[in-house]
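The values are calculated or read from the model by the stated rules, or taken from the named source; none is laboratory data. Everything numeric in this text was worked out from a predicted model, so none of it was measured. Using ideal geometry, Cβ is built from the backbone for each residue, glycine included, and neighbour counts are taken over all protein chains shown.
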Amino acid sequence: MGYQVLARKYRPQRFSDVAGQDHVTRTLLNALAQNRIAHGYIFSGHRGIGKTTIARILAQALNCRTEIGSAQRPTPEPCGTCDACSEIRQGNAVDVIEIDAATNRGIDEIRELRDAARYSPARDRYKIYILDEAHQITEAAFNALLKTLEEPPAHVVFMMATTEPENIPQTIRSRCQHFSFHAVKFDDILAQLKMIAGEEKVDAEDEALALLAEAGDGSMRDALSIMDQAIASAPLEDKRPRLSTEQIRELMGSVPSTVFERLLEAVAAGQSAPLMEQLNVLLNAGHSPLSLARQMVRYLRNTLMAKLGGEQTELLQISTDERARAVRTALLFTEEEITRNLQIVLRTFDDLNYRQEQRFHLELGLLKLIHAQRLLPMEELLSSVAGGTSARTAPAGTAGPRVSPPTPASTGTAAREPGGWSATPPSRTAPKPESRPTMSRPAAAEPAMTARVAAPELSPFPAAPAAGFKPAEPITEGALAVAPEAAAAAELNVESVREQVVSALGEAGHASAAQLLRNGAWRLETTAVQVSVPGIGKKMLVLTVNAAAEKVVRQELQRLGAPTRFVVAPGEGAAPAGVAAAPAAAAGSVQEAALNHPLVKRAQEIFKAEVRSIVDLRQK
């Protein structure tokens, strides 16, 4: 016999040999053991995952001449040695008829099948019809088969394999048992490839086999076909083929994931020129823009799944090295940014299918990724607008307290009532000039300004001055007049804000972020709250204080009346002067236990080290 391709040579011959379809094989084995045989089966799913293979194994089990429970056949699995099993495996069994439904799809062929089904099997127990690509059968032909499927002879079993079960009429599906096959998992394909490489005496790198398994995209047959091609092109070492990672990539025309990692690092850094230079190297090496866009879509998808589920999530069907690389890239972006980048590259991929100058469109699509990094989130934009309304009274470039919009009760401005406008005498609420808080100004002060209190901008009524309203006095040199509400905002206790925010994070389940921010140096500014966390890297900081934790922080800041713009960054050394220092570790806390641990103390003695921050990563 001539050479047999791997997909046929290693085709499973028993239910236990089928990879990734345990839900199907378990049900069929139980049905065989209990003699609950249906007259019609539909096997649907992805290409190359074992639909027709399981149909043949089931046909062997039904017509196997060895009794279940005997020494030769202790389980419902086919024995594989009797004449019926051998003939079915070789494809020349008289009573097992395989029909290519894509070719024999008309009503005349189905009528012949229906007429032949009435006769008893020539030798075996059942007459079995396996219809491959059953969705290709015409509607009229299916209608001709309806009556036979509804009331079939006791000796007939129909098995239909299809990749498009939705194209089979519901009247047919309701008369059959439908088994939906799963795509084979990456680990199952990789294990099968390793076994075959050992059987075929092929020296293969683990990374090379992982590339083949990933290229299979859930199809065992596709992975074996690519492996067959790779073995044929592999160089021989000691008369044994050797599969290397570089050879597999060259064979498939793929680009290493490290290239896409560098591309996205340039995107995160906003470096347009290095991005275009790296893309130019890839295109000059012969890679097509369409192939690069397709691979980048897959890499961004893996990055998004790593961002959502972490490195060990089942959403990633890639090797261990590729998982680590996807996690590193995910740390550079937020979930929203990765989603936006994936949408941009997907749109670019669609454009490349019908554009003449594909290179130009790919370059434009990658530049859009950098431009999208400069977009501000809607929440930050709205918060900056809300916080900047009252700050317009201060000179540009000078720092001042965050001034809250004045209220009628404190400024004496006109307050709208259902019947019109009413004025509150300023003498009841306006503070005396000598009681106003002051704030020192720099020596090179700008010309004096007059602070005026206006009605809120969002009011639907025209701003009318209240009766007896008196403008604020001009600002004198060396002092800045501030409204009482601004004074209250300026006097916000940093420690109080810190404790409230940390408490809210702890209640929301962000214990690690709470501890990290508790140890940070806090500063309240006019339009933002800044936290500097010493002794921690940027990546760990982004991983711990994630988008969900930032949302909790902003909500708590808004409740406290503090600026809702929140900025957290790594710091160096101790807290700067004028900034609240991190509190000491509480008694009985994780921090105290870590500081008192003998190993930590010993490390401090050996390395003369200082513990700046402690993060509890056990809690998620």
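General observations
- Residue within segment 236-246 that is out of contact with any strand residue (DSSP E or B) (no Cβ under 9 Å at 6 or more places or on another chain) and either within 16 Å of residue 209 (Cα to Cα) or assigned to a helix (DSSP H, G or I) (or both) present: yes
- Selection of segment 520-545 for residues being surrounded by fewer than 23 Cβ atoms within 10 Å (Cβ to Cβ) and either in a loop (DSSP other than H, G, I, E, B) or free of Cβ contacts under 8 Å to residues at least 12 places away in the same chain (or both) yields 525, 526, 527, 528, 535, 536, 537.
- The residues of segment 169-190 that are charged (D, E, K, R), outside any loop (DSSP other than H, G, I, E, B) and closer than 18 Å to residue 51 by Cα, listed by number, are 173, 188.
- Annotation: of all residues in segment 278-305 being in contact (Cβ under 8 Å) with a residue 40 or more places away in the chain and under 13 Å from residue 338 (Cβ atoms), the one that is farthest from the chain's Cα centre (by Cα) is 296.
- Failed item, numbered, when residue 95 is tested on (1) surrounded by fewer than 18 Cβ atoms within 10 Å (Cβ to Cβ); (2) touching a Pro at 6+ places or on another chain (Cβ under 7 Å): (1)
- Hits in segment 79-137 (condition: in a loop (DSSP other than H, G, I, E, B), under 23 Å from residue 69 (Cα atoms) and under 49 Å from the mean Cα position of the chain (by Cα)): 79, 80, 81, 126
- Test: residue in segment 547-558 that is at negative phi and in a loop (DSSP other than H, G, I, E, B): no
- Pair list, Cβ < 9 Å and 6+ apart or interchain, from segment 64-87 residues that are more than 19 Å from residue 12 (Cβ to Cβ) to residues that are of a type in the set (Phe, Trp, Tyr) and at pLDDT below 90: none
- Under the condition of being in a helix (DSSP H, G or I), of a type in the set (A, V, I, L, M, F, W, C) and free of Cβ contacts under 8 Å to residues at least 60 places away in the same chain, the residues counted in segment 196-210 number 3.
- Within segment 317-326, the set of residues being at pLDDT 85 or above and among the aliphatic types (A, V, I, L, M) comprises 324, 326.
- Answer residue from segment 211-244, given it is among the polar types (S, T, N, Q) and in contact (Cβ under 8 Å) with a residue 60 or more places away in the chain and is surrounded by the most Cβ atoms within 10 Å (Cβ to Cβ) among those: 219
- Considered as a group, the residues in segment 338-366 that are crowded, with 17+ Cβ neighbours inside 10 Å and polar (S, T, N, Q) include one that is farthest from residue 538 (Cα to Cα), and that residue is 358.
- Residue, surrounded by the most Cβ atoms within 10 Å (Cβ to Cβ), within segment 31-51, restricted to residues that are touching a residue at least 60 places away in the same chain (Cβ under 8 Å) and outside any loop (DSSP other than H, G, I, E, B): 43
- For segment 3-18, the condition holds for no residue, the condition being that it is more than 18 Å from residue 219 (Cα to Cα), without any contact (Cβ under 8 Å) to a residue 60 or more places away in the chain, not in a loop (DSSP other than H, G, I, E, B) and not aliphatic (A, V, I, L, M).
- The number of residues in segment 167-187 being surrounded by fewer than 18 Cβ atoms within 10 Å (Cβ to Cβ), under 23 Å from the mean Cα position of the chain (by Cα) and either at pLDDT 90 or above or not charged (D, E, K, R) (or both) comes to 1.
- When segment 318-339 is filtered for residues that are of a type outside the set (Val, Ile, Thr) and under 23 Å from residue 372 (Cα atoms), the ones remaining, listed by number, are 325, 326, 328, 330, 331, 332, 333, 335, 336, 337.
- Residue in segment 575-586 that is modelled with pLDDT of 80 or more and not assigned by TED's automatic domain parsing to the domain that holds residue 332 present: no
- Restricting 346, 364, 352 to those that are outside the structural domain of residue 551 (by TED's automatic domain parsing), over 25 Å from residue 211 (Cα atoms) and at pLDDT 90 or above reduces the list to 364.
- Residue in segment 330-337 that is crowded, with 19+ Cβ neighbours inside 10 Å and in contact with a Phe, Trp or Tyr (Cβ under 9 Å, 6 or more places away or on another chain) present: no
- Checked against (1) in a helix (DSSP H, G or I); (2) over 14 Å from the mean Cα position of the chain (by Cα); (3) in contact (Cβ under 8 Å) with a residue 12 or more places away in the chain, residue 308 passes all but condition (2).
- Tabulated pairs, segment 143-165, first in the same structural domain as residue 111 (by TED's automatic domain parsing), second part of a loop (DSSP other than H, G, I, E, B) and basic (Lys, Arg), C-beta under 7 angstrom, 6+ apart or interchain: 149/175; 150/175; 153/118; 163/47
- Where residue 145 falls short, out of the listed (1) surrounded by fewer than 20 Cβ atoms within 10 Å (Cβ to Cβ); (2) among the aliphatic types (A, V, I, L, M); (3) in a helix (DSSP H, G or I); (4) modelled with pLDDT under 90: (1)
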